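Structure, as structure tokens:
Any read-out appearing in this document is the output of simple, stated calculations on the displayed coordinates, not a laboratory observation. Predicted, not measured: the structure shown is a model, and the values here were computed from it. Neighbour counts are summed over all protein chains in view; Cβ atoms, including those assigned to glycine, are modelled from backbone coordinates with ideal geometry.
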Amino acid sequence: MGYCSRSQATALIRAGRVTLNQRLTRDPEKPVRMGLDHIAVDDAPIEERPKIYLMMNKPRGAVTTASDENGRATVYDLLEPGAQWVGPVGRLDKASEGLLLFTSDSKWAAKITDPESHLEKQYHVQVNCVAGDDLVTRIRAGVTAGGEHLRVKAARVVRIGGKNSWLEISLDEGKNRHIRRLLEAVGVEVLRLVRVSIGPLELGTLKKGEVRPLTEGEKRVVDQALDDSSASE
């Protein structure tokens, strides 16, 4: 209903602050009939709120969490304080940058992050070597690391400098630190990692640290990409 995160909701329910049809419940898994049942927190009725869809150009150094026990900067520091709750759609690790989505629509978020959706995510990656065809071939072949097979959908060299290069790598699945672990396994160090697109949605000219709502057109093309993926299965 867009009131809070799932973990916050669980904590509220177990603390005895939530009633369902005027009855106290402490079971977070209790079924609810949307549109029929009445939910209240601290005796204040809650209603489903309009869904929010945001995009952020995440800066390097911010962690993708609501709070950090070590006092590090988080992506929530960049969101408008006191606004309606939104959650990140997937993650970018502390050292990574680029396109990060937020929403209060948990079903939409689950579709985007579901590996079965095969929604392509594209990254620009700076590495500490002059990349050639051999490196690209090894990246495309994939590796096994930590008991997981790490593969990419596509990889190519986009720019070469005197001592380093920029690669464009596309994934249609996302394991923890996927690209960093894959490149480490082939002996390459990642200097920068920037996510530039999720499906048809591009980072574009959004400045580092900025946040804006998705346009109706952007939301529509993402939904269409998700529908097309479901239809092709």
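Table for the structure above
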item	result
Nearest-0.05 FRET efficiency for Arg23 and Arg49, computed from C-beta distance (R0 30 Å)	0.80
Ranked packing of 117-125, 191-199, most packed first, by mean Cβ within 10 Å	117-125, 191-199
Hz values of 3J(HN,Hα) by residue in the stretch 28-35 - Karplus curve (6.51, -1.76, 1.60), Gly and Pro given as x	x, 9, 5, x, 10, 8, 4, x
Estimated distance in nm for a label pair at Lys163 and Lys107, the labels positioned 7 Å out from Cα along Cα-to-Cβ	5.3
Helical contribution to [θ] at 222 nm, DSSP H n ≥ 4, -39,500 (n - 2.57), averaged over the chain, rounded to 500	-6500 deg cm²/dmol
Distance between modelled label sites at Lys175 and Ala83, nm, 7 Å Cα→Cβ extension	3.5
Residue pairs, from the table Lys94/Lys219; Lys163/Lys207; Lys30/Lys121; Lys94/Lys208; Lys111/Lys207; Lys107/Lys219, whose Cα atoms sit over 25 Å apart	Lys94/Lys219; Lys163/Lys207; Lys30/Lys121; Lys111/Lys207
Length released on extending from Asp42 to Ala154, taking residue separation times 0.36 nm less the Cα-Cα span	35.2 nm
Trypsin sites (Lys or Arg not before Pro) within the stretch 9-110, DSSP loop, no more than 12 other Cβ atoms inside 10 Å	Arg26, Arg33
Correct choice for Kirkwood radius over Cα pairs in Å that was computed from the model, options [x] 19.8; [y] 18.8; [z] 18.2	[x]
Ascending count of other beta-carbon atoms within 10 Å, so fewest first, for Thr74, Thr215	Thr215, Thr74
Whole-Hz ³J(HN,Hα) from phi, Karplus 6.51 cos²θ - 1.76 cosθ + 1.60, for the stretch 81-90, glycine and proline x	x, x, 6, 4, 4, 9, x, x, 9, x
Residue-wise HN-Hα coupling along the stretch 124-132, computed from phi with Karplus coefficients 6.51, -1.76, 1.60 (Hz; x: Gly, Pro)	9, 10, 8, 10, 8, 8, 8, 6, x
Fewest-first ranking of Glu173, Glu216, Glu97, Glu29, using other Cβ atoms within 10 Å as the exposure measure	Glu29, Glu216, Glu173, Glu97
For the stretch 120-198: relative contact order, % (alpha-carbon pairs under 8 angstrom, 6 or more apart)	46
Computed lengthening from Thr215 to Ser7, 0.36 nm per intervening residue step minus Cα-Cα distance	72.0 nm
